[in-house]
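All remarks here apply to the structure that follows.
Taken together, the values in this text are just the output of simple stated rules run on the coordinates, not laboratory data. Remember, it's a predicted structure, so these values are computed and weren't measured experimentally. Here the Cβ positions follow ideal geometry from the backbone for every residue, glycine too, while neighbour counts run over all protein chains shown.
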């Protein structure tokens, strides 16, 4: 209740007893119920993971005007783009991602099927159809969809050539993903690729 007959509820220390203080605290900060707390503990929200492959790097001369002005160094990493793409797709498959909605090589769309279901394992085989593009490619972007209790998408960028302060692999998971699924994915990549410490 307010002193001035407004609908805004004043804090009890303005005028009120200890019971009114507790009522106001509970109304202002409602407690989550047990189910909501358990749900939140099982899920991770909007993850952003970056890492480098444990391979040799070579600094290359940048011909870009802005790179020279800001003295930004460009690095080329020595890894196979085809096998790395396949390993990451297998990792997504193990983490129960079922749908590859898009694959881009050097910003050119090679594969786009957002309406198909359970096509991720087939996509791994289809990557062989793009061997020529991937051989000469410098970057790959994969978009995968996961439809669990909640939906989420993963956008994976793999770059052979990038700025020194960037990473060769950049993974953004938008939405909620179960912790064990996320760890399955990360453990698979660690086992098959190895991350730079």
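Fully extending the segment from residue 20 to residue 80, taken as 0.36 nm per residue of separation minus the present Cα-Cα distance, adds 14.9 nm. Counting 0.36 nm for each residue step from residue 190 to residue 155 and taking away their Cα separation leaves a gain of 10.8 nm. Applying 1/(1 + (r/R0)^6) with r as the Cβ-Cβ distance of residue 45 and residue 163 and R0 = 30 angstrom yields a FRET efficiency of 0.60.
Computed over the Cα atoms of the stretch 44-192, the ratio of the radius of gyration to the Kirkwood radius (Rg/Rh) comes to 0.99. Counting 0.36 nm for each residue step from residue 60 to residue 27 and taking away their Cα separation leaves a gain of 5.8 nm. Summary of packing: across the peptides 78-91, 126-139, the per-residue average of other C-beta atoms within 10 Å ranks them, highest first, as 78-91, 126-139.
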